[in-house]
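The values are calculated or read from the model by the stated rules, or taken from the named source; none is laboratory data. Fair warning: this is a prediction, and the values are worked out from it, not measured in the lab. All Cβ positions, even for glycine, are placed from backbone atoms using ideal geometry, and neighbour counts span all protein chains on display.
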Amino acid sequence: MKIELTASEMAIANVVAAMRTTCNRAGNIVERKIGSHSSYQMDVDGFAAELAFCKAMNLHPDLSVVNQSLTHDCVARDGKTIDVKTTRYESGRLLVTPNKKDSQTQIYVLVVGTAPAFDVIGYANKEEVFADRNYRELNGRWSYILEQSQLHAFTNE
């Protein structure tokens, strides 16, 4: 499902990302990013993807600026907590760091693209993500990794 953010939505993404980057560094939150981009750029990509997902699903994004350790990004209409993961790679995979096992997040979503254009790929529930078979190494870091083919597609319910 393709989603394009407007200029206004991108302005919001940049402001929230700058505030979250500052808050996380001030709070000594350990970076667990796997990519090579700067913390700020990762926060822009991440929040823009969260905004795109929420726009696609008609959900309210979490605009709070708090330490982002083990938090979720939004809540579905059925009350399930959702963490949106993003990558710039079209064939990218859903990557979830091991520390997220302790999170209250129930659903993990993969969004691919580069702001302002994104594609919502699919989702997996917590039990599926943290299955032992998904624990693998990528670029020297261990994570839970799901291929796009392992994800559930969103339906138009």
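Starting from the stretch 10-24, take each residue that is within 14 Å of A48 (Cβ to Cβ) and list its partners that are of a type in the set (F, W, Y) and at pLDDT 80 or above, counting only C-beta distances under 6 angstrom and pairs at least six apart or across chains.
Listed pairs, sorted by first residue: A13/F47; V16/F47; A17/F47.
Hey, which of the strands (runs of 3 or more DSSP E) in the stretch 65-157, taking only ones fully inside, have at least 2 residues that are surrounded by 15 or more Cβ atoms within 10 Å (Cβ to Cβ)?
Working: elements: 81-87, 94-96, 107-114, 117-125, 135-138, 141-146.
Output list reads 81-87, 94-96, 107-114, 117-125, 141-146.
Is there a residue being closer than 21 Å to Q41 by Cβ and under 12 Å from the mean Cα position of the chain (by Cα) anywhere in the stretch 140-147? Let's see the steps before the verdict.
So the first thing to find is which residues in the stretch 140-147 are closer than 21 Å to Q41 by Cβ, and the list is 140-141, 143.
Add one more test, that the residue is under 12 Å from the mean Cα position of the chain (by Cα), and what stays is none.
No, the stretch 140-147 has no match at all.
Residues in the stretch 27-50: is at least one crowded, with 19+ Cβ neighbours inside 10 Å and at pLDDT below 75?
Looking through the stretch 27-50, none of the residues is crowded, with 19+ Cβ neighbours inside 10 Å and at pLDDT below 75.
Out of the stretch 43-97, which residues are farther than 22 Å from Q150 by Cβ and among the aromatic types (F, W, Y)?
Across the stretch 43-97, the qualifying residue is only F47.
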